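Below: one structure, written as structure tokens.
The values are calculated or read from the model by the stated rules, or taken from the named source; none is laboratory data. Model, not experiment: these values are computed from the prediction. So basically every Cβ, Gly included, is an ideal-geometry build from the backbone, and we count neighbours across all protein chains shown. These area figures cover heavy atoms from the full protein model, side chains too; ligands, DNA and RNA do not enter into them. Shrake-Rupley method; radii C 1.70, N 1.55, O 1.52, S 1.80 Å.
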Amino acid sequence: MEKIIVAGKELELSLMKKEELKSVPIDTKLRFQFYRSRFNDYEFCLLEAKKDENHASTECLNLATRLESMIGLPIVYLFQGLQFVERNRLIDRGVYFIVSSKYAFLPFLVLNTREKEQKKSEKLSAVAQYILLYHLQVESLEGASMVELEKKLPYTYVTISRAFKTLGDLKLCMIWADENRIKRLHFEKSPKEQWEHIQPYLKSPVNRVLYLDSIADGINMTYGGITALSHYTHLNPDEVCTCIIDTKRYRELQSAGAFKNLNESEGIIRLEVWNYPSLSQDYADPISLYLTLKDEKDPRVEKELELMISKIW
């Protein structure tokens, strides 16, 4: 193979071992040569066709998606040449590729190069917070890699990689590299100790509060605020029902006209627009709910919040 150069750096390539490809179908192994490579701190699998291959974007995307789940690394295609139209279709589909040493579409590598020039993170991002709360309330993420998290969480590989950097910078958990140099999460503390450690960094997910009179039929909403707290505790619910929704979903439903009489002052439903999706389906997850209500001055709310949190551990 000729030398592969990305951003002025020559990539080191090593043929992947048979045991690393044991879950890959035989016909796929006959079609491609599999190389392990890395750029700065990012490792990936470079796929080179042994014969001329169809550059159809849909086929490339589907194969890359299947192989990523089998190999556990981002898949990057190596092409000797691409027409302008073919290149744009691959980019639109989000397929990673290198055209000889002339062109590369590797957004996760570009991101990493920029991060090397940036200062360390000083604040916890919404995605990094989501990862921590998922670990504490849904399932342990001990030892999870970015590729594995992309399958569990509603975020892309690139977004999760930013969150890894933030978590490492703030020392909210350890980011380590295994024998294959794949970055993984490590939590040294018990869940309760982890909760106490991260509390100063956590922020309310509420970005905006609105009111409305009704929501279109067939749309399931997640409850938040006092409505959710009354579900978890003995507190009586408010007359106004509180629902939560993440920013992306809010924009989709607003554009579809799903909200009746949406305004900023009053309505039958109180709508909290959050910076990240709910971690639970029917009611806001306890820790996020705690963060939205912890500054309430009502002694009853304060007491019930503490009781709700204590039940987690």
Of the conditions (1) out of contact with any helix residue (DSSP H, G or I) (no Cβ under 7 Å at 6 or more places or on another chain); (2) part of a loop (DSSP other than H, G, I, E, B), the single one that Cys243 does not satisfy is (2)
For Tyr77: the one exception among (1) surrounded by 13 or more Cβ atoms within 10 Å (Cβ to Cβ); (2) over 30 Å from Gly143 (Cα atoms); (3) hydroxyl-bearing (Ser, Thr, Tyr): (2)
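Yes/no matrix, rows are residues, columns are (1) more than 19 Å from Pro154 (Cβ to Cβ); (2) open to solvent by 60 Å² or more (accessible area, probe 1.4 Å); (3) out of contact with any Cys (no Cβ under 6 Å at 6 or more places or on another chain):
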site	(1), (2), (3)
Gln281	no, yes, yes
Arg300	yes, yes, yes
Ile309	yes, no, yes
Ile312	yes, no, yes
Checking Asn261 against (1) at positive phi; (2) touching a Lys or Arg at 6+ places or on another chain (Cβ under 7 Å), only one condition comes out false. Which one? (2)
Tally of residues being in a loop (DSSP other than H, G, I, E, B) and either open to solvent by 50 Å² or more (accessible area, probe 1.4 Å) or in contact with a His (Cβ under 9 Å, 6 or more places away or on another chain) (or both) across segment 191-203: 1
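Would you call Gln194 under 17 Å from Tyr276 (Cα atoms), among the polar types (S, T, N, Q) and touching a residue at least 40 places away in the same chain (Cβ under 8 Å)?
On the way: under 17 Å from Tyr276 (Cα atoms): no; among the polar types (S, T, N, Q): yes; touching a residue at least 40 places away in the same chain (Cβ under 8 Å): yes.
Judged against the criteria, Gln194 is not a match.
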Count - residues of segment 263-274 that are at pLDDT 95 or above and surrounded by fewer than 18 Cβ atoms within 10 Å (Cβ to Cβ): 2
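Scan segment 268-282 residue by residue and report those that are outside any strand (DSSP E or B) and aliphatic (A, V, I, L, M).
Applying the first criterion (outside any strand (DSSP E or B)) to segment 268-282 yields 268, 275-282.
Listed by number, the residues that qualify are Ile268, Leu279.
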Among the residues of segment 204-218, the number that are closer than 16 Å to Ser265 by Cα and either in contact with a His (Cβ under 6 Å, 6 or more places away or on another chain) or of a type in the set (Val, Ile, Thr) (or both) is 1
Looking at (1) open to solvent by 50 Å² or more (accessible area, probe 1.4 Å); (2) in a helix (DSSP H, G or I), find the lone condition where Asn180 falls short. (2)
How many residues of segment 26-56 are open to solvent by less than 40 Å² (accessible area, probe 1.4 Å), under 16 Å from Glu179 (Cα atoms) and in contact (Cβ under 8 Å) with a residue 40 or more places away in the chain? The answer is 4
Restricting to segment 55-103, what's the tally of residues that are among the hydroxyl-bearing types (Ser, Thr, Tyr) and within 23 Å of Val147 (Cβ to Cβ)? 6
Inspect segment 2-20 for any residue being more than 24 Å from Trp176 (Cβ to Cβ), modelled with pLDDT of 90 or more and either crowded, with 20+ Cβ neighbours inside 10 Å or of a type in the set (Val, Ile, Thr) (or both) and give the result as yes or no. no
